[in-house]
Each structure stands twice: as structure tokens, then as C-alpha cells.
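Chemist: What follows is a structure written as C-alpha cells; I'll ask about it next.
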There are 2 protein chains.
Amino acid sequence: MGLYHEILEQPNVLGGILKNREQVEGVCAQLGRRRFEFVMIAARGSSDHAALYAKYLLGMVNRLPVALAAPSLFTFYESPPRLANALVIGISQSGASEDIVSVLRSARQQGAATLAITNHAASALGETAEWVLDVRAGEERAIAASKTYTATLLTVALLSAGLAQDAARFAELERLPELVSRMLEEDLRVQRMVERYRYMAQCIVLGRGFNYTTAFEWSLKLKELAYVAAEPYSSADFQHGPIALVENGFPVLAALPSGRVSDEMVALVRRLVVERQAELVAISDVQGALELARSPIPLPAGIPEWISPMVCVIPAQLFCYHITRAKGLDPEHPRGLAKVTLTR
Amino acid sequence: MGLYHEILEQPNVLGGILKNREQVEGVCAQLGRRRFEFVMIAARGSSDHAALYAKYLLGMVNRLPVALAAPSLFTFYESPPRLANALVIGISQSGASEDIVSVLRSARQQGAATLAITNHAASALGETAEWVLDVRAGEERAIAASKTYTATLLTVALLSAGLAQDAARFAELERLPELVSRMLEEDLRVQRMVERYRYMAQCIVLGRGFNYTTAFEWSLKLKELAYVAAEPYSSADFQHGPIALVENGFPVLAALPSGRVSDEMVALVRRLVVERQAELVAISDVQGALELARSPIPLPAGIPEWISPMVCVIPAQLFCYHITRAKGLDPEHPRGLAKVTLTR
């Protein structure tokens with residue numbers, strides 16, 4: 001019982017969420033009667049990466065502008081922005097983060113529509129928001145989030161499809177548990193692969209568009225479990241300065257499933273490998289990307305791009321778990337971390 | 001002529017902008033007649049850090065919710081969010097970035113109020129936006145931004161004060177050139193200090209609230225000039241996982257001027273130094289923070305917190321310039337970078 005078990009549990013967890021999707025449809029029906037001009041999301045850690053997914057998905061599918069909250073404006077500075085015409089979403093696995101609760105409390109006082117997305121509906125966050133979506137991941141014992149991350153992404157995906165009343169998207173989501181199961185079959189390949197990176201001290205992790213969140217989640221897991229200084233970038237931001245870091249052998253990890261941004265992502269990793277002699281670990285179904293990689297992790301073909309973050313993160317989780325073990329570290333007890341982090 | 005010269009030029013550049021503040025007041029008078037519910041800002045690199053400053057300043061002083069744009073929604077995904085009730089700001093030193101121009105073009109077509117903040121008013125960005133604020137930094141020759149960064153921050157500060165019609169804030173800004181001059185007097189201290197970090201391969205850079213932008217700018221300069229894998233964090237986000245990285249001797253750089261968030265920042269760096277044996281480089285006027293630091297960089301007392309990012313970044317720029325020289329690298333020719341980066 002712990003991180004590895006929770007990683008393997010994900011097809012079941014995601015399947016259970018899909019079976020109970022009327023929870024989300026009920027909230028969407030009520031939200032559909034509220035008027036809001038924009039969305040603000042408050043979250044920390046892996047939940048903040050789910051917020052990043054929501055920024056792209058609600059932006060693209062629902063045409064909603066999404067702002068990520070600066071909680072300190074609500075707590076330390078005590079001068080929150082005007083939110084009367086907003087939908088304000090708080091995302092927190094535990095529902096206990098004081099700063100996230102502060103944002104929702106202010107938003108509700110201001111008359112905003114407020115929604116909590118949490119694995120603990122009976123929490124301060126759940127009690128503060130007008131509506132609650134329980135992500136129903138079951139208890140997560142490991143300090144590092146795995147199943148609560150994918151469960152939160154799926155809840156966001158259902159919220160987007162529900163607000164759009166888009167039956168085709170609901171149908172596409174039904175494939176998710178099976179796609180995640182197929183990725184878990186790569187476990188042994190990933191376990192063998194990580195040996196090569198036992199002494200990697202730093203790396204960069206690339207993703208763009210929908211998979212910008214995958215770059216963040218992969219990086220955070222590498223830092224908190226394996227103590228690798230991994231920094232996430234979009235392919236665009238990376239070219240505005242940080243690309244200078246890359247020298248012969250510099251490790252570049254990338255999630256680049258086929259989709260609208262994959263040509264640009266492949267062009268960048270090609271440049272890094274061919275011109276700068278970077279070493280590439282690639283999660284992809286694009287042949288050109290897999291061929292450039294010293295360590296390729298193939299994805300099944302035909303995954304809809306908007307769903308791909310929930311599939312791509314699976315080998316990233318396995319990568320982080322196994323490299324932590326390969327370094328002789330304990331994935332259940334990362335240095336200086338607790339399951340619930342209380343910040344203002 | 002180059003980076004060092006441009007760093008030293010900043011008091012004059014900032015003084016010149018303050019003398020011409022009627023440009024900003026004119027735009028503010030017109031913007032004041034437009035109705036908008038929220039602000040969206042599109043930017044890359046150092047300009048994106050100025051956007052982060054705007055997120056806090058416009059949020060706190062002007063109570064405006066600020067979203068940072070995801071340009072790929074406008075370019076690759078061709079499905080931009082609804083912006084008719086927004087003020088959309090594009091920030092770009094060159095005004096040439098295609099992705100930033102795409103955001104402004106879509107916003108203007110949708111009927112949003114559009115504003116360009118740029119050092120090249122006669123650029124694609126300047127021509128696309130309804131209003132233009134010329135940051136008037138003069139030509140910047142170095143690839144790494146210095147004076148265009150502080151000039152952009154000051155333009156954002158004037159915009160905020162102008163929208164709030166706040167004479168007291170204008171008066172506080174008048175002190176800025178002298179404060180920057182005083183920070184430049186720390187040049188020799190910083191030059192001696194960086195010797196110790198000649199072989200630093202990675203570090204983290206902390207800032208919060210208004211100085212979250214300082215953490216990003218300091219990190220980016222370290223990466224692009226000195227090839228140090230430096231990752232920026234807010235003190236809150238850092239505790240949600242990445243803190244696991246810190247072991248004996250791990251370098252922590254922090255900008256923590258006194259203000260609303262300084263007690264929390266000092267408590268975190270104390271914990272890192274005392275419990276985790278981190279090594280601290282601190283830019284601060286808080287005695288407790290300077291005493292914890294192996295390398296303290298004292299700030300003048302009494303800097304208003306909202307202005308402090310334009311002062312704190314000066315020793316950070318000097319730190320990056322001198323460490324680059326100490327490593328035998330050329331600060332004018334960072335590996336693989338050009339002055340104008342064109343991304344979609």
C-alpha cells in the first residue's frame with residue numbers, strides 16, 4: 001500500500017469516476033444558469049497543475065478566459081481582486097489549504113459562483129464553496145500525488161464536457177481507463193530505462209498546450225521523490241532564454257503526443273538533439289520524436305490530444321517512482337514533506 | 001557598450017520615463033472610459049516577468065483580476081477565449097513576437113480594449129494594439145534584458161498609479177532612480193561575492209508577492225548567461241514538494257525586502273538554513289534575513305514594497321553579470337540565443 005499501488009490503481013479509479021459522472025452533470029446544469037465572464041482557479045502543487053490543464057481545456061473548448069489566482073493578494077495583502085462576475089474554482093486534494101480556502105471565501109462573499117474540486121468534500125474548502133465536485137479517488141496514502149492528480153484532471157475534463165454539453169467528448173473519455181491500463185504495461189520498460197539516469201542531477205522537462213501540465217507534474221515528482229532539479233518549460237518559453245543551459249548530454253525529458261503542437265515540439269527536440277547533443281527521453285506516438293530519443297516511451301496511437309495528459313503522465317509517474325528506487329531513496333518518505341501542506 | 005553598461009544606465013533610463021509620465025496618464029484617461037471586467041496579459045521571457053508584477057500590482061491596487069494568456073490557444077489551437085469584456089495587454093521588448101501579436105489581434109477583433117507595452121512602438125505589436133505605451137528604454141544591445149525589464153516594470157507601475165489616479169504612488173515612484181543608484185554602489189561587493197559560486201551548478205530562487213517576479217528574473221538571467229540551472233519559486237509553492245531538493249549546502253537565493261510577505265519568507269529561509277543547512281544569498285533590509293545569509297546583500301531601508309522589485313533586481317543583475325564573467329563566459333553572447341526570439 002503506497003505510491004506504486006496507487007499508480008497501478010488508476011484505471012479502476014478513473015473508471016469509477018466515469019460511472020458517476022452524473023455528479024458533474026448536475027453541477028454543470030446549475031452552473032449553466034449562472035453568468036460569469038471569466039474563471040479564476042486557486043490551487044497549489046499537483047492541484048495547480050490540474051489548474052493549468054483547466055486553463056487550456058476551458059479556454060479551448062468552453063472559450064472561457066482562465067486566471068490562476070495569486071493567493072497572497074487574499075491572505076497577506078488583504079486586497080483581493082473583484083470577482084463578482086467570475087466562476088472561482090478551488091482545487092485541493094485535502095481541501096485543507098488555508099490560502100485556497102481564503103480565495104474561495106472572498107469570492108463567495110463577493111457574489112462569485114464558487115466551486116471546490118477536492119478528494120475530501122467534507123473539508124474547509126468543500127464547506128466554503130457553493131458547489132463541490134468530489135474527485136472520488138479514494139484515500140491517497142502516499143505523500144506524492146498520483147491517482148488524485150489523474151482523478152482531478154478527469155473531473156476537470158468532465159466539467160468542460162458538461163458545460164459544453166458535448167456527448168462526443170464524454171464518449172472519448174470512456175476510453176481513458178483502457179488507455180491508462182495500456183500505459184501501465186510499460187512498467188518494466190521504464191524500470192529498466194531509469195538505470196541510465198541514476199546520477200542525473202538536473203534536467204528540463206518540456207510540454208506544450210494541453211501537456212504543459214505534464215511537464216510540470218513530471219518535474220515536481222522528480223524533485224519531491226528523486227531530488228532531481230527538474231524544471232518544466234513550454235517549448236516557446238524555453239526558447240526565450242533557458243535553452244542556453246543545454247550542452248552535450250544535457251537531459252531533456254519531453255511529453256509530445258501527436259496533436260496541434262506536436263510539429264513545433266518535435267522541431268525543438270530535434271534542434272536540441274542534433275545541434276546541441278542533448279539526450280532525449282520522449283513520451284510520444286510521433287515516430288520522428290521516438291527516433292530522436294535515447295530513451296523512447298511509445299504511446300498508443302490515436303489518443304485525442306485533450307485527453308493525452310491523463311495518459312502521458314502514467315509513464316512519467318513510473319519514471320519517477322523507479323528512479324527514486326534506483327537511487328536507494330524511499331518513495332513513501334520524501335525529505336521534509338507531509339501529505340497536507342498548510343500555506344497562506 | 002553592452003550588458004554591464006545597460007545595467008549601470010538604469011537610473012537615467014528610469015528618470016527619463018518618470019519625466020515623461022504624461023504619456024501613461026493620457027492612455028489611462030482613455031482606458032478609464034472603457035469598461036472591462038478583467039485583464040489578460042500576453043508576454044514571454046523577461047516581459048512575462050513584468051506581466052507577473054502587473055498581476056500583483058493591478059490586482060492589489062486596482063482590484064483587477066489578471067490572467068496570463070496561453071498564446072497557443074490563439075495560434076496552434078485557433079480557439080481563443082472570449083475577451084470582449086477584457087483589457088488585453090501585450091508586453092514585448094521588440095514588439096515582434098508573433099504569438100503575442102496573435103493574442104492582441106484576436107482580442108481587438110473581439111472588441112476588447114488592447115494595449116501594447118513595448119520598447120519598439122513602431123512594431124507589429126504596437127500597430128496591432130489600440131493604445132501603445134513606449135517604455136523608452138533606448139536601444140538595448142545586450143541579448144539579456146536589463147534596462148528594458150526595469151523600464152517595463154516602471155511603465156506598469158505608472159499604469160497602475162494612473163488608473164487609480166493616486167498622487168501618493170506617483171510621488172513614491174519619484175524616489176526610484178536614486179534607490180537604483182544606491183543599489184549600483186553594491187557592485188564591488190557583489191563582484192567579490194560571486195567567486196564563491198563559480199562552480200554552483202544549480203540553485204533555487206525564492207520570492208513572493210510583488211517579488212515573485214524578481215525570483216523569475218534572477219533565475220532566467222542565471223540560466224541564460226551563466227548556465228546555472230536556477231528555478232524560481234514562491235515560498236508557498238516551494239513548500240508543496242520542491243523543498244525536498246534542499247540538502248546540506250544547497251544554494252538558496254532569495255529576494256525578501258520588508259513588507260507584507262517578509263515574515264513568512266524569513267521563516268522559510270530560517271527553516272532552510274537552520275534545519276536543512278542550505279546556503280543563503282539574501283537581498284533584504286530585514287536584519288534577521290541578512291544574518292542568516294552566508295552572502296547578504298543589504299537593501300536601503302524604507303523602500304515601499306510595491307516598488308521594491310525594481311530595486312531588488314539590480315543586485316540580482318549584477319550577480320548574474322559577474323558570475324558569468326567569473327566563469328569565463330561572455331555575457332554578450334549567450335549560447336544559442338538571439339536578441340529577438342520568434343515563437344508561435
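The values are calculated or read from the model by the stated rules, or taken from the named source; none is laboratory data. These figures come from a predicted structure and were not determined experimentally. Note that we place each Cβ from the backbone using ideal geometry, even for glycine, and neighbour counts take in every protein chain shown. We work out accessible area using only protein heavy atoms, side chains counted, and drop any ligands, DNA or RNA first. Shrake-Rupley method; radii C 1.70, N 1.55, O 1.52, S 1.80 Å.
Chemist: How many residues are assigned to a helix (DSSP H, G or I) and touching a strand residue (DSSP E or B) at 6+ places or on another chain (Cβ under 9 Å) when one looks only at the stretch B:195-212? Outline the logic, then answer.
Modeler: Step one: list which residues in the stretch B:195-212 are assigned to a helix (DSSP H, G or I), which gives B:195-197, B:209-212.
Those left that are additionally touching a strand residue (DSSP E or B) at 6+ places or on another chain (Cβ under 9 Å): B:196-197, B:211-212.
Total satisfying the criteria: 4.
Chemist: Separate question: If I ask for residues that are more than 24 Å from B:Arg271 (Cβ to Cβ) and outside any helix (DSSP H, G or I), which ones from the stretch A:315-344 would you list? Write out each step before concluding.
Modeler: The first filter runs over the stretch A:315-344 and keeps only residues more than 24 Å from B:Arg271 (Cβ to Cβ), leaving A:315-323, A:325-328.
A:Lys327, A:Gly328 - these are the residues of the stretch A:315-344 that are more than 24 Å from B:Arg271 (Cβ to Cβ) and outside any helix (DSSP H, G or I).
Chemist: Can you name the residue in the stretch B:225-238 that is open to solvent by 10 Å² or more (accessible area, probe 1.4 Å) and within 8 Å of chain A (Cβ to nearest Cβ) and, of all such residues, is farthest from A:Arg344 (Cα to Cα)?
Modeler: Filtering the stretch B:225-238 for residues open to solvent by 10 Å² or more (accessible area, probe 1.4 Å) gives B:227, B:229, B:231-233, B:237.
Filter once more, so that each one left must be within 8 Å of chain A (Cβ to nearest Cβ): B:227, B:229, B:231, B:237.
Details: B:Tyr227: 33, B:Ala229: 28, B:Glu231: 21, B:Asp237: 10 Å.
The qualifying residue farthest from A:Arg344 (Cα to Cα) is B:Tyr227.
Chemist: List the strands (runs of 3 or more DSSP E) inside the stretch B:83-134, counting only whole elements, that have at least 3 residues being closer than 23 Å to B:Arg63 by Cβ and open to solvent by less than 40 Å² (accessible area, probe 1.4 Å). Walk me through it before giving the result.
Modeler: Numbers: elements: B:86-92, B:113-118, B:131-134.
Fully inside the stretch B:83-134 and qualifying: B:86-92, B:113-118.
Chemist: Here is a follow-up. Quick one: B:Asn248 ticks every box in (1) open to solvent by 20 Å² or more (accessible area, probe 1.4 Å); (2) within 11 Å of another protein chain (Cβ to nearest Cβ); (3) among the polar types (S, T, N, Q) except a single one, so which number is it?
Modeler: The one condition B:Asn248 does not meet is (2).
Chemist: Taking the stretch B:56-80 on its own, how many of its residues are in contact (Cβ under 8 Å) with a residue 24 or more places away in the chain, in a loop (DSSP other than H, G, I, E, B) and either over 25 Å from B:Val261 (Cβ atoms) or among the hydrophobic types (A, V, I, L, M, F, W, C) (or both)?
Modeler: 7
Chemist: Starting from the stretch A:83-102, keep only residues that are at positive phi, then list their pairs with residues that are modelled with pLDDT of 95 or more whose Cβ atoms are within a distance under 7 Å, requiring at least 6 positions of separation or different chains.
Modeler: A:Gly95/A:Ala116; A:Gly95/A:Thr118; A:Gly95/A:His120; A:Gly95/A:Ser123; A:Gly95/A:Ala124; A:Gly95/A:Leu125; A:Gly95/A:Gly126
Chemist: Another question, then. Which numbered condition trips up B:Gly241, out of (1) open to solvent by 30 Å² or more (accessible area, probe 1.4 Å); (2) without any contact (Cβ under 8 Å) to a residue 12 or more places away in the chain; (3) within 14 Å of chain A (Cβ to nearest Cβ)?
Modeler: So B:Gly241 meets the others, but not (1).
Chemist: Sort out which residues of the stretch A:57-70 are open to solvent by less than 20 Å² (accessible area, probe 1.4 Å) and within 7 Å of chain B (Cβ to nearest Cβ), and write them in order of number.
Modeler: A:Gly59, A:Leu64, A:Pro65, A:Val66, A:Ala67, A:Ala70
Chemist: Residues of the stretch A:251-271 being part of a helix (DSSP H, G or I), surrounded by fewer than 24 Cβ atoms within 10 Å (Cβ to Cβ), within 12 Å of another protein chain (Cβ to nearest Cβ) and not small (Gly, Ala, Ser), which ones?
Modeler: Within the stretch A:251-271, A:Asp263, A:Glu264, A:Leu268, A:Arg271 meet the criteria.
Chemist: Quick check, is B:Val13 touching a Pro at 6+ places or on another chain (Cβ under 9 Å), facing chain A (nearest Cβ under 9 Å) and closer than 29 Å to B:Pro177 by Cβ? Before the answer, list the steps.
Modeler: Details: touching a Pro at 6+ places or on another chain (Cβ under 9 Å): yes; facing chain A (nearest Cβ under 9 Å): no; closer than 29 Å to B:Pro177 by Cβ: yes.
No.
Chemist: While we're here: In the stretch B:135-155, how many residues are buried (at least 24 other Cβ atoms within 10 Å of the Cβ) and either of a type outside the set (A, V, I, L, M, F, W, C) or closer than 16 Å to B:Val180 by Cβ (or both)? Write out each step before concluding.
Modeler: Taking the stretch B:135-155 as the starting set, the residues that turn out to be buried (at least 24 other Cβ atoms within 10 Å of the Cβ) are B:135, B:137, B:144-155.
This time we only want the ones that are either of a type outside the set (A, V, I, L, M, F, W, C) or closer than 16 Å to B:Val180 by Cβ (or both), so: B:135, B:137, B:145-155.
The qualifying residues number 13.
Chemist: Moving on. How many residues, within the stretch A:268-286, are within 24 Å of the chain's Cα centre (by Cα) and closer than 14 Å to A:Gln239 by Cα?
Modeler: 2
Chemist: Same structure again: Say whether the condition of being more than 14 Å from chain A (Cβ to nearest Cβ), without any contact (Cβ under 8 Å) to a residue 60 or more places away in the chain, open to solvent by less than 10 Å² (accessible area, probe 1.4 Å) and of a type outside the set (Asp, Glu) is met by at least one residue in the stretch B:316-336.
Modeler: no
Chemist: If you don't mind, another one. Of all residues being at the interface with another protein chain (Cβ under 8 Å from one of its Cβ atoms) and open to solvent by 20 Å² or more (accessible area, probe 1.4 Å) in the stretch B:31-45, which is farthest from B:Val205 (Cα to Cα)? Just the residue, please. Before the answer, list the steps.
Modeler: Initial filter on the stretch B:31-45 (at the interface with another protein chain (Cβ under 8 Å from one of its Cβ atoms)): B:37-38, B:40, B:44-45.
If we keep only those that are open to solvent by 20 Å² or more (accessible area, probe 1.4 Å) as well, we get B:37, B:44.
Working: B:Glu37: 33, B:Arg44: 19 Å.
Looking at residues that are at the interface with another protein chain (Cβ under 8 Å from one of its Cβ atoms) and open to solvent by 20 Å² or more (accessible area, probe 1.4 Å), I get B:Glu37.
This table checks each residue for (1) in contact (Cβ under 8 Å) with a residue 60 or more places away in the chain; (2) of a type in the set (D, E, K, R); (3) within 20 Å of A:Met200 (Cβ to Cβ); (4) out of contact with any helix residue (DSSP H, G or I) (no Cβ under 9 Å at 6 or more places or on another chain).
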{"residue": "B:Val194", "(1), (2), (3), (4)": "yes, no, no, no"}
{"residue": "B:Ile204", "(1), (2), (3), (4)": "no, no, yes, no"}
{"residue": "B:Glu217", "(1), (2), (3), (4)": "yes, yes, no, no"}
{"residue": "B:Ala226", "(1), (2), (3), (4)": "yes, no, no, no"}
{"residue": "B:Ala230", "(1), (2), (3), (4)": "no, no, yes, no"}
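Chemist: Could you go through the stretch B:220-228 and let me know if any residue there is within 19 Å of A:Arg335 (Cα to Cα) and not assigned by TED's automatic domain parsing to the domain that holds B:Gly59. Talk me through it step by step, then tell me what you get.
Modeler: Pass one, the stretch B:220-228, residues within 19 Å of A:Arg335 (Cα to Cα): none.
No: zero hits.
Chemist: List the residue pairs whose Cβ atoms are under 6 Å apart, where the first residue sits in the stretch A:164-188 and is outside the structural domain of A:Asn20 (by TED's automatic domain parsing), the second is surrounded by fewer than 17 Cβ atoms within 10 Å (Cβ to Cβ) and outside any helix (DSSP H, G or I), and the two are 6 or more positions apart or on different chains.
Modeler: A:Arg182/A:Pro300
Chemist: If you check B:Phe170, B:Phe210, which single one turns out to be touching a Ser or Thr at 6+ places or on another chain (Cβ under 9 Å) and either open to solvent by less than 10 Å² (accessible area, probe 1.4 Å) or over 21 Å from B:Pro296 (Cβ atoms) (or both)? Steps first, answer last, please.
Modeler: Values: B:Phe170 fails: touching a Ser or Thr at 6+ places or on another chain (Cβ under 9 Å).
So the residue among B:Phe170, B:Phe210 that is touching a Ser or Thr at 6+ places or on another chain (Cβ under 9 Å) and either open to solvent by less than 10 Å² (accessible area, probe 1.4 Å) or over 21 Å from B:Pro296 (Cβ atoms) (or both) is B:Phe210.
Chemist: Now for a different question. Looking at this structure, is A:Glu186 within 18 Å of the chain's Cα centre (by Cα), more than 14 Å from chain B (Cβ to nearest Cβ) and surrounded by fewer than 24 Cβ atoms within 10 Å (Cβ to Cβ)?
Modeler: Working: within 18 Å of the chain's Cα centre (by Cα): no; more than 14 Å from chain B (Cβ to nearest Cβ): yes; surrounded by fewer than 24 Cβ atoms within 10 Å (Cβ to Cβ): yes.
In short, no.
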